[in-house]
Amino acid sequence: MGPVSAKTYPAKRWAPQGKRPPVQPDYGRRAKVWVFGAFEPSTGKALTLCRERRRSLDFIELLNSVVQTWPTDELILILDNLSIHRSLDVQLWALAHKRVRFLFQPTYAPWLNLIEPWWKTLRSLALAGRRFEDLATLRSSIVKSTKYWNDRRHPYVWRKANRPISNHL
């Protein structure tokens, strides 16, 4: 998830229905952080790592944390097609870790990656309705929100939307 800027994140319900919330524009030019993450749907356990840049080395640091967090069994990591996920350093890391397999989701299909609902949850826990003056408080909020989630986690159940399907064929 990223980049997340040190700025104001408006909450959904700051004003009565139909009224604009009284928020001054805040474009977050103070700094930004990239959030790397892993999510285990069967238990709901999440892992996040905040870095100031989005590099292969930072992603490898997350991969090392994933291997330490889940030390047994085979790991299948579903990845999008971000360039750092396919870099030479990451490919060499994968060769050295035989119990880890990468599964790349098709382009333009984020719903296939179950971490996407976790990012939405993390945004609401860590960011919604808060103002961040610097990266330290932003990182702290992300770490605390991840811990809060893990203390109360539950298995993720993938449900289809409760919308009627129209027959326009």
Quote the accessible area belonging to Phe102 in square angstrom, nearest 10, computed with a 1.4 Å probe and with ligands, DNA and RNA left uncounted.
-> 50
Given a Förster distance of 30 angstrom, what is the FRET efficiency for Asp151 paired with Phe104, based on the Cβ-Cβ distance and rounded to 0.05?
-> 0.40
Separation in nanometres of the label points that stand 7 Å from Cα toward Cβ, at Leu57 and Leu92 | 1.3
Take each of the peptides 62-70, 76-84, average the number of other beta-carbon atoms within 10 Å over its residues, and list them starting from the highest.
-> 62-70, 76-84
Calculated FRET value between Asn64 and Ser140, using beta carbons and R₀ = 22 Å, to 0.05 | 0.50
So for region 53-149, taking the charge dipole from beta-carbon charges (+1 Lys/Arg, -1 Asp/Glu), which of Ser124, Ala109, His85 sits furthest toward the positive end?
-> Ser124
Sequence-distant residues sharing a close amide H with Gly129 (under 5 Å, placed H) = Tyr9, Ala11
Which GluC sites (Glu not before Pro) does region 59-153 hold that lie in a coil by DSSP with at most 13 other beta carbons within 10 Å?
-> Glu74, Glu133
Given backbone amide H placed at 1.01 Å from N, residues whose amide H is under 5 Å from that of Leu79, ignoring those fewer than 5 places away on the same chain, are Leu103, Phe104, Gln105
Just in region 48-131: which trypsin sites (Lys or Arg not before Pro) are loop by DSSP and have at most 13 other Cβ atoms within 10 Å?
-> Arg53, Lys98, Arg99
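The values are calculated or read from the model by the stated rules, or taken from the named source; none is laboratory data. Predicted model, so just to flag it, every value in this text is computed and none were measured. Cβ atoms come from the backbone with ideal geometry, glycine included; neighbour counts cover every protein chain shown. To get the accessible areas, we keep the full protein, side chains included, count just its heavy atoms, and leave off ligands, DNA and RNA. Shrake-Rupley method; radii C 1.70, N 1.55, O 1.52, S 1.80 Å.
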